[in-house]
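Heads up: the structure comes next, in structure tokens.
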Amino acid sequence: MKKYLICFIIILAIIICGLFIYFNGFNKNSNKDKVSYGEKTSTNVNIQSHNNLPNTSNLYGDDVFNNSQVKELSSYTTEIKDNSAGRLTNINLTCSSLNNTTISPGDIFSFNNVVRKIYC
């Protein structure tokens, strides 16, 4: 029984020493190189803004956008595997309601609000 107690005490001492070394280290001077978590993950970046956008404060209605400003930003195609008549009708109605949708700067686009109009 004494052998087990001595082995247990030795193992416990080794674990405590290992934890002490792990968390404190041997070199007390190495603390000057340690950085807090916030300092490690934060980065300061200077950003210069070059606002080259035209002044649109005096434009009204159709004058805001002319044909030279309109360009396609994105498009998407996919394969339709379910060719049932109801599904194709729903896809056609949905796409028709989304075509020529314009989202102005600062506007919030809601797919549900646009598509809901054709079903209600």
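Residues checked against (1) modelled with pLDDT under 80; (2) exposed (fewer than 10 other Cβ atoms within 10 Å of the Cβ); (3) part of a loop (DSSP other than H, G, I, E, B):
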{"position": "K71", "(1), (2), (3)": "yes, yes, yes"}
{"position": "S74", "(1), (2), (3)": "yes, yes, yes"}
{"position": "N83", "(1), (2), (3)": "no, yes, yes"}
{"position": "N92", "(1), (2), (3)": "no, no, no"}
{"position": "C95", "(1), (2), (3)": "no, no, no"}
{"position": "N113", "(1), (2), (3)": "no, yes, no"}
{"position": "I118", "(1), (2), (3)": "yes, no, no"}
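If I ask for residues that are modelled with pLDDT of 65 or more, in a loop (DSSP other than H, G, I, E, B) and over 41 Å from the mean Cα position of the chain (by Cα), which ones from the range 1-47 would you list?
Within the range 1-47, just M1 meets the criteria.
Inspect the range 54-64 for any residue being part of a loop (DSSP other than H, G, I, E, B), closer than 28 Å to I118 by Cβ, at pLDDT 70 or above and over 28 Å from the mean Cα position of the chain (by Cα) and give the result as yes or no.
no
The values are calculated or read from the model by the stated rules, or taken from the named source; none is laboratory data. Treat the numbers as computed from the prediction; the structure is a model and nothing was measured. Note: ideal-geometry Cβ built from the backbone for every residue, glycine included; neighbour counts use all protein chains shown.
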